[in-house]
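**Student:** Sharing a structure below in structure tokens format, with a few things to ask.
The values are calculated or read from the model by the stated rules, or taken from the named source; none is laboratory data. Because the structure is predicted, anything quoted here is derived from the model rather than measured. Reconstructed Cβ throughout: ideal geometry from the backbone, glycine too, with neighbour counts over all protein chains shown. We work out accessible area using only protein heavy atoms, side chains counted, and drop any ligands, DNA or RNA first. Shrake-Rupley method; radii C 1.70, N 1.55, O 1.52, S 1.80 Å.
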Amino acid sequence: MSIFSDNIRFLRAKKMTTQQELADTLIITRSRYVSYEDGRSEPPYDVLITMSKFFHISIDLLLTVDIRKYPLEEMMNLPDNRIVLPIIVDESGNNSIEIIPQKASMGYLSGYSDPEYIESLQRISLPFLTNGKYRAFPAQGDSMPPFKDGSFIIGKYVEDIEDLKINKSYIFVTLNDGISYKRFKGQKKKSIEVSADNTFYQPYEIPLSEIVEIWQYASGIFPEDFEPDNFDNYNLKDMFLEIRRDIKELDNKVSNAK
């Protein structure tokens, strides 16, 4: 037996449909369908597509995840045939927010679509965060004050890139850069432009093909030793950046004069 055969057997029973009725829907013989449930053969892509539409479940989910472990009523369907995000609540009915650990943040790229990996993460609940799927990501570097190493940024899942709003902050999960927290500045044909709040860093573009997930900023968790006067460090960096630019311009003028 395979995950796929277990899944279709489970889903058919849940729909209270007979093997013959489902075979008729798929326009195949009952014996051929039974071979799929028994794991003796695999369906072609056109039958997979029909099954996906019949059960209202993505092909990715049918083939790779044991859905008996994850109640469908507690999952959030994603577009583009993506895997689902489990929405788990605590005893009080509050959403459980998974926390991506600081030291293993890069591992998120290989585990974000694995329900077992997500299930293994620690969780917190914040009653004021409702109506959506939330996840906490570690902050890195100093590009987005007041967040710094040791703090966490809680984001709300964004289903469609068209929902991004100019000058709002988002967590971008990308194939090359991993997890980054930036401000959305605009969208082009094949990319989006983002920027850091710390002007020491230049705006840059992220190709649409590299974007894995987007989470809109919802809240933050700061380390105990956070001090507001840390903003002075960012002002110093801005000053040194301006000095560096002035020196470069002066060198260019001297070179042209020669």
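**Student:** Condition test on Ser169, is it closer than 17 Å to Ser219 by Cα and not hydrophobic (A, V, I, L, M, F, W, C)?
**Tutor:** On the way: closer than 17 Å to Ser219 by Cα: yes; not hydrophobic (A, V, I, L, M, F, W, C): yes.
Taking the combined requirement at face value, the residue satisfies it.
**Student:** Ser195 is checked against (1) surrounded by 16 or more Cβ atoms within 10 Å (Cβ to Cβ); (2) in contact (Cβ under 8 Å) with a residue 24 or more places away in the chain; (3) over 25 Å from Leu129 (Cα atoms) and fails just one. What number does that condition carry?
**Tutor:** Unmet for Ser195, out of (1) surrounded by 16 or more Cβ atoms within 10 Å (Cβ to Cβ); (2) in contact (Cβ under 8 Å) with a residue 24 or more places away in the chain; (3) over 25 Å from Leu129 (Cα atoms): (2).
**Student:** So for segment 21-37 (the condition being surrounded by 17 or more Cβ atoms within 10 Å (Cβ to Cβ) and at pLDDT below 90), does at least one residue qualify?
**Tutor:** no
**Student:** Could I ask something else about it? Taking interchain pairs and intrachain pairs at least six residues apart, which have beta carbon atoms under 9 angstrom, with the first residue in segment 99-124 and among the basic types (Lys, Arg) and the second modelled with pLDDT under 75?
**Tutor:** Arg123/Ile88; Arg123/Asp90
**Student:** Another question about this same structure. Could you tell me which of the residues Ser169, Ser180, Ser209 is open to solvent by 40 Å² or more (accessible area, probe 1.4 Å) and among the small types (Gly, Ala, Ser)? Working first, answer last.
**Tutor:** Details: Ser169 fails: open to solvent by 40 Å² or more (accessible area, probe 1.4 Å); Ser180 fails: open to solvent by 40 Å² or more (accessible area, probe 1.4 Å).
Just one listed residue meets the conditions, Ser209.
**Student:** For segment 118-149, what are the residues that are assigned to a helix (DSSP H, G or I) and surrounded by 15 or more Cβ atoms within 10 Å (Cβ to Cβ)? Please lay out each step first, then the result.
**Tutor:** We begin by selecting, within segment 118-149, every residue assigned to a helix (DSSP H, G or I); these are 118-119.
Ile118, the sole residue that qualifies.
**Student:** Considering only residues that are part of a strand (DSSP E or B) and aliphatic (A, V, I, L, M), look in segment 150-170 and name the one that is nearest to Lys182 (Cα to Cα). Walk me through how you get there before you give the answer.
**Tutor:** Going through segment 150-170, the residues part of a strand (DSSP E or B) turn out to be 152-157, 169-170.
If we keep only those that are aliphatic (A, V, I, L, M) as well, we get 153-154.
Working: Ile153: 11, Ile154: 13 Å.
Checked segment 150-170; the qualifying residue nearest to Lys182 (Cα to Cα) is Ile153.
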